[in-house]
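Encoded as structure tokens, the structure appears first; notes follow it.
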Amino acid sequence: MSIQQQMRTELSKKKIFDQARSFAYEYIDGIEHMDVFPSKENIERLKTFDEPLSDKSSSAEEIIDQLHEFGSKATIAQLGGRYFGFVNGGAVPVALGVKWLSDVWDQCGGLYLTSPINSKLEQVCEQWLKTVFNLPMETVAGFVSGTSMANLSGLVAARFRLFKNLGWDINVKGINGAPEIKIFAHEQVHASIKKTLAMLGFGIENIHWIPSDTHGKLRLDRLPELDHRSLLILQAGNVNTGSFDDFDAICSQANKAGAWVHIDGAFGLWAAASKSLSYLTKGIEKASSWAVDGHKTLNTPYDSGIILCKDAEALISALQASGEYITYSEQRDPLLYTPELSKRSRAIELWATMKYLGKEGMNTMITEFHTRAKQLAEGLSESGFIILNEVVFNQVLIACENDQQTNFVLNTIQSSSQCWCGGSNWQGKSAIRISICSWMTTKEDINKTISIFTEAKNSLY
Ligand SMILES: *Cc1c(COP(=O)(O)O)cnc(C)c1O
């Protein structure tokens, strides 16, 4: 049988899809009992993949078997309730379901012509996002892989506009000999901002860093004089403390000066969807661009970053590098708003997640992250841990008496595989960082986590 005949049979028989589905079900059923981080043995077994590319074709069933047998066991329990590493987030079931279906569609999401359904759902998501974040009507959205790409898209739009205002078309004339623009950034910006500024040719040494206070918020009294040559980068959700900058006051000043404000709100922007936490995002609507992830706080599956930009012309011109505003078709052409051309039709999962949760569901889920974070902070504090941050959102920073103890406790917890959290450094101190951002995390998960921490601490003595 030729390889084409073989594939035709696989597609029509659907046996491999049933096989994948049953493995996925098995995985889901085991999620609450599996190791939160894979054991040494299971990581060791990944060696099975170290094989030369075969001359002959392989069996599809064996490939799926191998992936499940060796791959499933070397995953982290992201979908469960006790993975607290980085700011990863869980996955809303309906979004996993629509992802399966739309994966089979295999749409190229770049143009209306290559996927009318993707174009439509991007348009719907754009409207809904503006409602959730309360952003100006003229704001446009681009659907990218993550906030790193969303930050890149926002900063490239800012660069285009600021130079254009100075009579310099950056797309045509480039960086050499360009007039000076000034970049001001919160000193605790995420690494992706630094990377982006370097990639854009601004040079890390040319960034003016604005100091932050003990909570990780930008210090208003240290805000420099801004003007129409200025780009200011703020954050909604400090990756350590979860704190939010004072957008209302800062953006008012920036707007008077004609500066561009970009807000990195990867996980924090979603506080706007919680009735009791939306005070944290007050004034965000006064910025020029916003970067946010669906795959963190909103719990869409991975590959869901969004750039929102008030200045459509700047975003489109910067990403098309043509210097002018081109409309490709009467319908929405997704490629206009992202650096990519061919891309997954990723807005489908975002659409499903927002439609499924609705405003009430988002409010409940996001408010719960904060409630659980407070529960954890209180419980750990009662057990003698030091909480280093004010728990305003979903991040908790924990320490012991000294760095040595903190690191010991962190290692003990990580190797227990009963929950997982990462390490960080806060104001010169080692810290354990917990991010609560999965809908699966329950009150019992937090109680269990407090016991795991306490046990680890007791094993010190
Ligand atoms: C996660 C994160 C990013 C990077 O987002 P990716 O989706 O990982 O590309 C940027 N900024 C902040 C504040 C983040 O938490």
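Bear in mind that the values in this text are calculations on the coordinates, not laboratory data. Source: prediction; values computed, not measured. Please note: Cβ atoms are built from the backbone with ideal geometry, for glycine as well, and neighbour counts cover all protein chains shown.
Karplus-based coupling profile of the range 185-191, in residue order and whole Hz: 9, 3, 4, 9, 4, 5, 3, with θ = phi - 60° in 6.51 cos²θ - 1.76 cosθ + 1.60 and x standing for Gly or Pro.
Once Rg and the Kirkwood radius are both taken over the C-alpha atoms of the range 41-193, their ratio Rg/Rh works out to 1.07.
In the range 1-37, which trypsin sites (Lys or Arg not before Pro) fall in coil by DSSP and have 14 or fewer other Cβ atoms within 10 Å?
Sites meeting the loop and neighbour criteria: LYS14.
The value given for the range 3-75 is a Kirkwood hydrodynamic radius of 14.0 Å, derived from the mean inverse Cα-Cα separation. Of the beta bridges in the chain, as assigned by DSSP with both residues counted there, near 60 percent are antiparallel. Amide H contacts of GLY305: VAL144, SER145, GLY146, GLY294, each under 5 Å away and 5 or more positions distant or on a separate chain (H built 1.01 Å from N in the peptide plane; Pro and chain starts excluded). For the cross-link pairs LYS195/LYS374; LYS130/LYS256; LYS310/LYS429; LYS195/LYS429, the ones whose C-alpha atoms lie over 30 Å apart are LYS195/LYS374; LYS310/LYS429. Rounded to the nearest Hz, the phi-derived 3J(HN,Hα) couplings of the range 41-58 under the Karplus curve 6.51 cos²θ - 1.76 cosθ + 1.60 (θ = phi - 60°) are 4, 5, 6, 4, 5, 5, 4, 4, 7, 6, 10, x, 4, 6, 6, 8, 6, 10, where x marks glycine and proline. Under Stokes-Einstein, with the Kirkwood radius over Cα pairs as Rh, the value for the chain at 4 °C and 1.567 mPa s is 54 µm²/s.
In units of the rule-of-thumb radius 2.2 N^0.38 Å, the range 106-354 shows an alpha carbon radius of gyration of 0.96. Residue-wise HN-Hα couplings along the range 378-383, as the Karplus relation 6.51 cos²θ - 1.76 cosθ + 1.60 with θ = phi - 60° gives them from phi, are 5, x, 5, 5, 4, 8 Hz; Gly and Pro carry x.
Its Kirkwood hydrodynamic radius, worked out from the mean inverse distance over all distinct Cα pairs, puts the range 246-337 at 14.8 Å. Listing TYR337, TYR112 from fewest to most neighbouring C-beta atoms within 10 Å gives TYR112, TYR337. Over the range 19-114, the ratio between the Cα radius of gyration and 2.2 N^0.38 Å evaluates to 1.31. Counting every other Cβ atom within 10 Å of each residue's Cβ, HIS295, HIS68, HIS228, HIS370 order from fewest to most as HIS228, HIS68, HIS370, HIS295.
Are any of the pairs LYS120/LYS194; LYS173/LYS296; LYS296/LYS448; LYS355/LYS443 more than 30 Å apart by Cα-Cα distance, and if so, which?
The answer is LYS120/LYS194; LYS173/LYS296.
Close amide H partners of SER212, meaning residues 5 or more places away or on another chain with modelled amide H under 5 Å apart, are GLU187, ARG219.
Amide hydrogen proximity for GLN331: with H placed 1.01 Å from N in the peptide plane, no residue at 5 or more positions away or on another chain lies under 5 Å. Each of THR364, THR297 was scored by other Cβ atoms within 10 Å of its Cβ. Listed from fewest to most, they are THR364, THR297. Taking the range 372-398 and a reference point 7 angstrom along Cα→Cβ of TYR279, the backbone N atoms nearer than 20 Å belong to 372-375, 377-378, 389-396. Coordinate range of the alpha-carbon atoms in the range 382-461 per principal axis, descending: 33, 26, 22 Å. The aspartates and glutamates within cross-link reach of LYS15, meaning a Cα-to-Cα straight distance under 15 Å and a gap of 8 or more places when in the same chain, are GLU61, GLU62, ASP65.
Looking at the range 146-232, the DSSP beta bridges with both ends there are about 10 percent antiparallel. Just so you know, the Cα atoms of the range 190-318 work out to an Rg and Dmax of 14.5, 41 Å.
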